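Undergrad: Have a look at this one.
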Amino acid sequence: MVQELIERPHPWWNWWILGLSLLVVGAGVGVDLMEVDAAQYASMGQEMNHSGQWVTLHEHGAKYQSRGYPDKPPLVFWAAALGTKVLGATNAGAKLISVLVGLLGIWAIGKWASELLGPGTEWPARIFYGANLGMGLMLMDVRTDTLLVGLVTLTGWQAQVWRRTFTWTSTVTTFGLLGLAMLAKGPLALMALMAVHGGEALWSRDYRLLRNSRLWIGLAVTLAVLMPWLWGLYQQWGWKNGVWYYLWTQNFGRLSGENPWAHKADYTFVLHNLAWTFLPWVIMVPAALRHALTRKQRTQAWSRQVLTAWFLLAMGLSLSKFQLPHYVYILWPFQALLLA
């Protein structure tokens with residue numbers, strides 16, 4: 001009965017889940033902004049509203065920086081600025097856009113699962129992805145990861161549609177969303193999507209996608225979305241401390257040791273934070289990974305895509321010289337697909 005209800009939900013079941021979800025999220029939106037990050041993002045968003053400076057970031061009138069570098073891309077500040085324009089300088093205003101993107105991600109994971117696995121997995125994927133302990137925290141204490149994970153999920157779904165149709169609409173939508181995801185937390189978003197589709201190419205040794213002109217047109221769309229931010233970085237910080245820091249040092253420098261932030265945790269840090277953030281579904285993850293590695297599953301493209309992305313991201317996070325618990329959020333979309 002439960003399986004039938006999840007795979008073919010009745011209208012009242014959909015509305016019940018939606019109502020409960022909005023109740024929980026609504027309660028979290030009113031919670032006071034947490035120091036340091038969320039409060040800082042809201043303050044800088046307000047400063048943007050007053051100054052009109054959107055691509056050269058300032059904090060209390062001075063250049064925004066952390067240890068001599070521009071620490072975060074601008075999307076989280078733009079989101080806070082827009083939300084406070086709509087709802088005023090309130091907790092809900094500062095969180096509004098990030099929370100909406102997070103909720104769109106929950107909807108999109110179902111669409112992504114349906115593209116990969118069929119419509120019967122749409123609701124299970126949403127439940128695994130949206131009804132866990134970490135999602136509740138992420139939508140209450142908004143950070144860059146709230147936007148990042150939501151936009152990566154939206155982009156992943158649209159990329160699957162693009163691979164199926166190669167229409168101009170899907171090209172612009174997919175790569176435009178990718179540009180926004182990169183404005184949330186840098187090239188990590190690009191690496192996550194490359195791990196999905198590039199991983200499949202490596203498994204199948206089919207590189208025809210590289211000869212598709214719409215791939216390169218799409219990447220031009222992504223670059224166009226990024227260009228105002230890159231130009232602002234260059235004007236304020238120059239090439240090495242601005243543009244190169246954003247494109248390389250901010251994310252990949254945590255593996256090489258170039259990033260000034262260094263707080264190396266043990267190699268199990270990712271796993272034990274993954275365990276509590278993905279409650280209660282984490283108990284099913286080992287079985288899902290084992291299932292994806294079986295001989296039967298290995299012949300299926302979706303299994304290789306998702307498993308490759310999950311493994312590469314988990315490995316990269318484990319090797320990082322700087323780790324925080326919320327960094328594991330990027331693994332959720334791929335885990336939800338494996339569980340579905």
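The values are calculated or read from the model by the stated rules, or taken from the named source; none is laboratory data. None of the values given here were measured: they were computed from a predicted structure. Ideal geometry is used to build each Cβ from the backbone, glycine not excepted, and the neighbour counts take in all protein chains shown. Only protein heavy atoms, including side chains, enter the accessible area calculation; ligands, DNA and RNA are left aside. Shrake-Rupley method; radii C 1.70, N 1.55, O 1.52, S 1.80 Å.
Undergrad: Kindly sort 58, 272 by accessible area of their heavy atoms, largest first, with the probe set to 1.4 Å. All intermediate terms of the calculation are to be shown ahead of the outcome.
TA: Details: 58 60, 272 90 Å².
Result, largest first: 272, 58.
Undergrad: So, R0 is 35 Å and r is the distance between the beta-carbons of residue 235 and residue 215; what FRET efficiency does that work out to, to 0.05? Don't skip to the answer; put the middle values down first.
TA: Working: r = 30 Å, r/R0 = 0.87.
E(calc), rounded to 0.05, equals 0.70.
Undergrad: Mind giving me the nanometre distance, one decimal, between the label points for residue 267 and residue 207, set 7 Å out from Cα along Cα→Cβ?
TA: Once both label points are built, they end up 3.1 nm from each other.
Undergrad: Another question, if that's okay. For the range 274-283, in order, what is each residue's ³J(HN,Hα) by Karplus, 6.51 cos²θ - 1.76 cosθ + 1.60 with θ = phi - 60°, in whole Hz (x at glycine and Pro)?
TA: 5, 4, 7, 6, 9, 5, x, 7, 4, 5
Undergrad: Using each residue's phi in the range 137-153, evaluate 6.51 cos²θ - 1.76 cosθ + 1.60 at θ = phi - 60° and report the 3J(HN,Hα) Karplus result to the nearest Hz, with x for Gly and Pro.
TA: Taking θ as phi minus 60°, the curve returns 5, 5, 7, 9, 9, 6, 10, 4, 5, 4, 6, 4, 5, x, 6, 4, 5 Hz for the range 137-153.
Undergrad: For the range 107-154, list log₁₀ I(q)/I(0) at each q in 0.33 Å⁻¹, using the Debye formula over Cα point scatterers of equal strength and ignoring solvent, two decimals each.
TA: -1.14
Undergrad: Can you pull the Rg over Rh of the range 55-158, Cα-only, Kirkwood? Mind showing how you got there, number by number?
TA: Working: Rg = 16.1 Å, Rh = 15.0 Å.
Taking Rg over the Kirkwood Rh, I get 1.07.
Undergrad: I would also like to ask the following. Between residue 319 and residue 90, what is the FRET efficiency for a Förster distance of 41 Å, r being their Cβ-Cβ separation, to the nearest 0.05?
TA: Values: r = 40 Å, r/R0 = 0.98.
Rounded to the nearest 0.05, the efficiency is 0.55.
Undergrad: Going by average Cβ density within 10 Å per residue, which order do the peptides 224-234, 119-129 take, highest to lowest? Don't skip to the answer; put the middle values down first.
TA: Numbers: 224-234: 16.7, 119-129: 21.2.
Per-residue Cβ counts within 10 Å, averaged per peptide and sorted highest first, yield 119-129, 224-234.
Undergrad: Taking H placed 1.01 Å from N in the peptide plane, check which residues at least 5 places from residue 323 or on another chain put their amide H under 5 Å from its amide H.
TA: Under 5 Å from the amide H of residue 323: 263, 265.
Undergrad: Using +1 on the beta carbon of Lys and Arg, -1 on that of Asp and Glu, and nothing else charged, what's the dipole of the range 91-175 about the Cα centre, debye to 20?
TA: 120
Undergrad: Give the long-range amide H neighbours of residue 59: residues separated by 5 or more places, or on another chain, with amide H under 5 Å away, using H modelled in the peptide plane at 1.01 Å from N.
TA: Here 64 satisfy the definition.
Undergrad: Once you keep just the Cα pairs under 8 angstrom separated by 6 or more residues, what percentage relative contact order results for the chain? Walk me through the intermediate numbers first.
TA: Values: 449 pairs, mean separation 64.1, N = 340.
After rounding, I find 19 percent.
Undergrad: Using only the Cα atoms, what convex hull volume per residue in Å³ does the chain have? Mind dumping the intermediate values first?
TA: On the way: hull volume 48.9 nm³, N = 340.
Once divided by residue count, the hull of the chain is 144 Å³.
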